Every structure is written in structure tokens, then in C-alpha cells.
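Following: one structure in C-alpha cells, then a few remarks.
The values are calculated or read from the model by the stated rules, or taken from the named source; none is laboratory data. This one's a predicted model, so the numbers in the text were calculated from it and none came from an experiment. Every residue, glycine among them, receives a Cβ derived from its backbone with ideal geometry; neighbour counts consider all protein chains shown. We work out accessible area using only protein heavy atoms, side chains counted, and drop any ligands, DNA or RNA first. Shrake-Rupley method; radii C 1.70, N 1.55, O 1.52, S 1.80 Å.
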Amino acid sequence: MLSLYVPGHSVVHRAPAGVKLGLLAALGVGLFLTERPAVVGGALVVALAVGLGAARLPWRALAAQVRPVWLWLAVLFVFHLLVTDLRTGTVAVLRLLALLVAAAVVTATTRVTALVAVVEWLASPLRVFGVRPARIGLVIAMTLRFIPLVAERAARIREAQAARGADRLRWGMAVPLLVQVLRMAATVGEALDARGADDAPARRPRRRPAVAS
Amino acid sequence: MRWRRRPEADAETPAVALGSGIELRDVGHDYGDRTVLADVSLTLTERRVGVIGANGSGKSTFARLLNGLVVPTSGTVLVDGLDTRTQARAVRRRVGFVFQDPDAQIVHPTVAEDLAFGPHNQGVPAEEIERRVEEMLDRYGLAGHRDHPAHLLSGGQKQLLAIAGVLAMRPQRIVFDEPTTLLDLANTRRVARVIEELEQDVVVVTHHLDLLAGFDRVLVVEDGRVAADGAPGETVPWYVARMD
Ligand SMILES: Nc1ncnc2c1ncn2[C@@H]1O[C@H](COP(=O)(O)OP(=O)(O)OP(=O)(O)O)[C@@H](O)[C@H]1O
Ligand SMILES: [Mg+2]
């Protein structure tokens, strides 16, 4: 789930991350301002066209993003059928689907670094309050990096406990996991020091120009 | 002292005439009231230095002192004449550090992004970062993994990525703390070869004694003291004999 980027050289890949995020935000607001099925459905079609057509994303890259929530969409639809009507239900589901697909297209065509740079840029006014935007960016990147890692360690501990006969999921697992994570955090802190995280320049050097993917 | 060539370093940093090498003067280190290292005085100028010793003897503490990750509670550590206590940043630019567990030092989600992290912190211009990233991807066979999530790499690839991430910062020296402990035989050999081919000066803490065959100098740490210091041909057998 965290390896969302699908390398490519399409127009969509090369478009500035800020523009993509801006359009996504605008779409998010816009979709909630309308109740017309044609508009909402149109947005979904456009998002799919951009993703599958212009960006040449594989179908499953988008499907993977929708799969975890399709059940909720179904529940939402049924709920609307019972409480409101078919039209409202259709609009509600299509709206979320359009947003999901659009968001999936943005994340699949934009490197984390580029997204983080936008977040840093957005956070830059906070500098007057002593916030260091580069830090915010680093925290986001590190979160994306360490979630799968911690999940993996958790799985390993579960295996170790299963190997010793604890076949049910135990809360006791949290303790060794916490110990491991804290120990690793100490090393991560040192590694950040060793790799100069403290020396980060005040301004992020611009990312490379449009030539590259 | 032998004269050694440091092609890359010379291009980027002005030569420091005074005290080149890493010098420890009466260094001691305590964690609370526990003395972990005591009375260490030596100068490292060799290209390849190994550090061996039992678990808990103080090797990692020694290694961390060399780039200022740990500041000694007594005595002084000088890197090319720079005091790690007062010039930690400058020291860390010169001395890279590779940890035992690559997972703890890869901090960005994808391979290329992680390689760019160190040079970015150093304020290296974007095009130059890009060049170095490509070079490292190429050199360590990671080119096909450019945009892959780091957690999908094999253990050996992760350690290579960790090493490449440090090399991308162009340090003059690199300290390795048990770089092969978590690796299988093939990857241990691979990392050993990588270390062997480095043009930088290296200090390698290890339990893999055969890694040290071609080294210039090996220190044996015992209970926080340097118990033996010399050519690997002398110190390694001495250490092995003491274990029996
Ligand atoms: N941050 C710390 N706080 C307290 N004690 C510590 C700390 N780091 C290390 N020690 C203790 O200092 C002693 C030396 O540790 P060090 O990590 O330097 O040993 P080592 O030779 O690297 O061992 P190993 O071969 O197991 O890696 C150990 O007894 C350890 O428990
Ligand atoms: Mg150690």
C-alpha cells in the first residue's frame, strides 16, 4: 500500500506535484458542490482517462487503491437506497470513487519526495513560528518508510510466538515489538545525525527539472 | 607515516596540514557510572583498520567516538585536527558511519530517495545529487530498484544501499560497525569486497575475522581497553588464542 509510485515518463508523471495536488484538492471541493450524477460520473471518467490513458498506469495500480474500500462504498450505497434514494446514493458513491481514483492517479505518478516538497512548501509560512518545514517533510517520508518495517517486525514476533505454541494473537506481542522499535529508534536517531539531517539547508534545493521522470 | 592519495577529498576540502588521521588522546567514556572505555590513546592513519573484541567490550562505543556520534566523557578525539566535541558537524562530513542494521539507517521510502538524503542535507546542488544517485545505483547493482520501496530489498541489498547512502556524501573515511553481522555468506563476501575496493580510509568493527586479512592494522578491545594493536597477522591469532 505504501509503494504507490509507478515509474513512468508520461505528461502526468512530469506535471509538477504542486499542480497535481492543487487539482486534486479542487476536485475534492468541487465534487461536493454538485449533486448532478452526470458531473460526478464525468469526473470519474476523466480521472480514469487520465490515469489509464494519459499516465498509462496499469489497471491494477488503481484497482489496488479502490479494493480496500469497495465494501464501504457498497454499504454506503445500500444505506442511501434505504434512507434516501437511488440518485443520491449513486452520486455519493461515484463522488468517492472519482476522488479515490484521482488521488490514486496523483500518488501513482508522483514521487514521495515531490509530494513532500509540496507539503514543505505549504508549511513554509509556519517558519515564523519556529517550525522547520524540512522536518515535517522528513517525518512524512520516514513514516512511509517505517510503517512496513514495523509491520514486518510485528509479523516476525508473531511467528516466533507461534513457533513456541502461542497460536492466538496475544497482547504480549506488543512488548517485544515496543522494545525492538525503541531500540531501532535510537539507532535511527544516530543514523540521522550521521547522515547530516541536522545540517539540512534552510531551503530545499529544487528537484531536478522536467527531463527526468 | 605513509603518504596516501585521497583523490576525491582533495578536490572538495582544503587539505588540513595539522594532524591528519584520527587521533584519540586519553579517551575514556562512561555511561552513567559504568566505564565502557578507558585510557585510549592512539592515532589512526592507516587505510584499513579493523576492530575486534568480545560482545560488550566497547567496540561500538569506540566506533561512535570516531565521528562524534558519541562524545568522550574524558579526553579528546581529533579528526584531521578537528575536535569531535566542538566541531561535530565538520567531523561528520568527513567520517561516514555504517551501522549493523541497514533497516535503521534507511530513512526514505524508496531507494533513490534514500541515496539522495545525505547529499541533500549537505546542500549539494540537485543535478550533482542526481549524478551521485545514478552512480551509486549503478555501482551497487541497484539501478533496477531505483523507485522500489526499500523494505522489499534483500538483506544484502539493504546493506549495500546503506553503504551507498553514506558514499553519496563523499566522506574521506568510513566507520563500519559490524556491517556483515546480519548477512549470509555470499553477501558478507560481497560487502567485504565493497569495503576492500573503497578508496576511503575505513575502520571496520567486526566479528568476521577473515574480513581483516588484508587490513593494515587491527585493534583488539577488551573490557574498554585496547588490549592489542598491530598487524592482523599478529593481533588476530592473539585474540583467537585468548578465546580458547
Ligand atoms: N547508550 C548506552 N547506555 C548505557 N550503556 C551502554 C550504552 N551503549 C552501550 N552500553 C554498554 O556499554 C558496554 C559496551 O557497549 P558497546 O556497544 O560499545 O560494546 P560492543 O563491543 O560493541 O558489543 P557488541 O559486540 O555486542 O556489539 C556494554 O556493556 C553496553 O551494555
Ligand atoms: Mg557493537
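The table that follows gives values for the structure above.
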{"read-out": "Angstrom value of the Kirkwood radius, inverse mean 1/r, which spans all Cα pairs in region A:118-199", "value": "15.2"}
{"read-out": "q = 0.08, 0.12, 0.13, 0.17 Å⁻¹, chain B: log10 I(q)/I(0) [Debye, one scatterer per Cα]", "value": "-0.30, -0.68, -0.81, -1.34"}
{"read-out": "Solvent-accessible area buried by pairing B with A, both sides, nearest 100 square angstrom, 1.4 angstrom probe", "value": "3200"}
{"read-out": "Percent of beta bridges antiparallel (DSSP, the protein assembly as shown, rounded to nearest 5)", "value": "55"}
{"read-out": "Shielded residues, region B:88-103 - accessible-area loss of 40 Å² or more between chain alone and all protein chains, probe 1.4 Å", "value": "B:Arg89, B:Arg92, B:Phe99, B:Asp103"}
{"read-out": "Peptide-level mean, for A:134-142, of C-beta atoms on other protein chains within 10 Å", "value": "2"}
{"read-out": "10 Å Cβ neighbours from other chains, averaged over peptide A:4-10", "value": "2"}
{"read-out": "Carbon plus sulfur fraction of accessible area for region A:1-109, probe 1.4 Å, in percent", "value": "75"}
{"read-out": "Protection proxy ranking, peptides B:50-57, A:129-136, average beta carbon neighbours within 10 Å, highest first", "value": "B:50-57, A:129-136"}
{"read-out": "Size descriptor, Kirkwood hydrodynamic radius, that averages inverse alpha-carbon separations across the protein assembly as shown, Å", "value": "24.9"}
{"read-out": "Order by protection proxy (mean Cβ within 10 Å, highest first), peptides B:92-105, B:152-165, A:146-159", "value": "B:92-105, B:152-165, A:146-159"}
{"read-out": "Calculated FRET efficiency for the pair B:Leu182/B:Asp33, C-beta based, R₀ 35 Å, to 0.05", "value": "0.65"}
{"read-out": "Average Cα contact separation per residue, region A:118-199, under 8 Å, 6 or more apart, as relative contact order %", "value": "17"}
{"read-out": "Top of A:Ala74, A:Ala162, A:Ala38 by mean-square fluctuation, Gaussian network on chain A, Cα under 10 Å", "value": "A:Ala162"}
{"read-out": "Highest-fluctuation residue, A:Ala108, A:Ala197, A:Ala17 considered, GNM on chain A with Cα pairs under 10 Å", "value": "A:Ala197"}
{"read-out": "Most fluctuating residue given options B:Arg193, B:Arg89, B:Arg34, as computed from a GNM of chain B linking Cα atoms under 10 Å", "value": "B:Arg34"}
{"read-out": "Portion, in percent, of the accessible area of chain B that falls on carbon or sulfur, probe 1.4 Å", "value": "49"}
{"read-out": "Amide N proximity, region B:168-182 versus B:Glu196 label position 7 Å along Cα-to-Cβ, cut-off under 16 Å", "value": "B:180"}
{"read-out": "Solvent-accessible heavy-atom area per residue, rounded to whole Å², over region B:130-227 at 1.4 Å", "value": "38"}
{"read-out": "Distant alpha-carbon pairs in region A:11-110 (separation over 16 angstrom), percent", "value": "57"}
{"read-out": "Principal axes of chain A: Cα extent on each, largest first, Å", "value": "55, 52, 36"}
{"read-out": "Calculated [θ] (222 nm, deg cm²/dmol) that DSSP helices of n ≥ 4 give over chain A, each run adding -39,500 (n - 2.57)", "value": "-22000 deg cm²/dmol"}
{"read-out": "Calculated FRET efficiency for the pair B:Ala227/A:Ser10, C-beta based, R₀ 35 Å, to 0.05", "value": "0.05"}
